[in-house]
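Heads up: the structure comes next, in structure tokens.
Every number in this text was worked out from the coordinates using simple rules, so none of it is lab data. Keep in mind that what you see is a predicted model, and the values were worked out from it rather than measured. We place every Cβ from the backbone using ideal geometry, glycine too, and count neighbours over all the protein chains shown.
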Amino acid sequence: MKKIGVFTSGGDAPGMNAAIRAVVRTAIYKEIEVVGILRGYNGMIGGHFVPMQSHSVSNIIQRGGTILKSARSKEFMTYEGRKKAFEQLQKAGIEGLIAIGGDGTFTGAKVFYEEFGIPTVGIPGTIDNDLYGTDYTIGYDTAINTALDAIDKIRDTADSHDRLFFIEVMGRDSGYIAIACGIAGGAELVMVPETLTTIDELVQTINQGWRRSKTSSIVIVAEGDEEGNAHEIAAKVAGQLEGKYDIRVSTLGHIQRGGSPTARDRILASRLGVAAVEALLSGKQNIMVGIVNDEITHVPFEDAIHKEKPIRQELIDLVRILSI
Ligand code: F6P
């Protein structure tokens, strides 16, 4: 293999730049040409390729976002779109791909590989931490620290005004961000899509806290919870509480996707970037690189996307025990 392409796709995540840097520099180290593909699959379809040198990735390890830009491509979901992308890659002499993203990115990469056979290795880059085959995804650590910083601040005002806050964090299908923030932020309860916590249980927990003289409370809600979003859940509990709490809702939103990556995310991205190029050059394809128990792993896209990575019950129990 003489020339590879690297791209970021789907929701951006802090640490993607560190991963791009690692991919580019490892390729150069291995004497392989490397091309940046702009705006994910849209750029592949449009042939938006930029040659990358070592200096192209200087001074980006500390930056959030992605210098290659990102997109959620509708056109790549069609066979015609993927065919155009394949033709562009052929024209540019790109023989292998490194895809940095989450489950949507890898679903596209898998179909593309099956149809056109371009060897592809994925690097898990998503704040959601919802991919099987890796303990952590790039961006998760930064996102939980960003959310935690906001939660600590909300706690101050919640305490001053004796308020009950529902704080919504990201995670369409996954409660990883919520559970981490719930434990580290000392929440009363965490509502996650993986487990059913009923409104009755929530009301009971808040009421118990009130009887134990709690004057303010924080509930963390993952955006994908089956009881609804934070506003909907707040509306469902209002009127059922013993305490005279004033209720407020705060949705943290896209702030969780930005910012300078933590040391942990930069190191993870650097390790996975190197591992991905090495895997591609050693003939591995249609797989994602990950880290399990601090060791590099290679997991088929199929498993990364579809196998469950359940939140440990121990973590869910922890919130209940510690909020007593
Ligand atoms: O997958 C990352 C993520 O931030 C999810 O947590 C969230 O549901 C989604 O992306 C938001 O997507 P968008 O940026 O397209 O609104």
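Tabulated data
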item: Test for Q240: is it exposed (fewer than 15 other Cβ atoms within 10 Å of the Cβ) and either away from the ligand (no atom under 16 Å from the Cβ) or at negative phi (or both); result: yes
item: The range 167-185: number of residues that are within 15 Å of the ligand (Cβ to nearest atom) and either among the hydrophobic types (A, V, I, L, M, F, W, C) or at positive phi (or both); result: 9
item: Test: F76 is within 24 Å of R172 (Cα to Cα), within 16 Å of the ligand (Cβ to nearest atom), in contact with a Leu (Cβ under 9 Å, 6 or more places away or on another chain) and part of a helix (DSSP H, G or I); result: no
item: Subset of the range 1-51 [of a type in the set (S, T, Y) and either more than 22 Å from A143 (Cβ to Cβ) or surrounded by fewer than 24 Cβ atoms within 10 Å (Cβ to Cβ) (or both)]; result: T26, Y29, Y41
item: Residue satisfying all of: in the range 146-160; surrounded by fewer than 23 Cβ atoms within 10 Å (Cβ to Cβ) and not acidic (D, E); farthest from the chain's Cα centre (by Cα) among these; result: S160
item: Qualifying residue in the range 237-248 (condition: in contact with a His (Cβ under 9 Å, 6 or more places away or on another chain) and either closer than 27 Å to D12 by Cβ or not in a helix (DSSP H, G or I) (or both)); result: yes
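Residues are listed down the side, and each one gets a yes or a no for (1) within 16 Å of the ligand (Cβ to nearest atom); (2) crowded, with 24+ Cβ neighbours inside 10 Å; (3) under 19 Å from T262 (Cα atoms):
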{"position": "I144", "(1), (2), (3)": "yes, yes, yes"}
{"position": "F165", "(1), (2), (3)": "no, yes, no"}
{"position": "A187", "(1), (2), (3)": "no, yes, no"}
{"position": "P193", "(1), (2), (3)": "yes, no, no"}
{"position": "N207", "(1), (2), (3)": "no, no, no"}
{"position": "D225", "(1), (2), (3)": "yes, yes, no"}
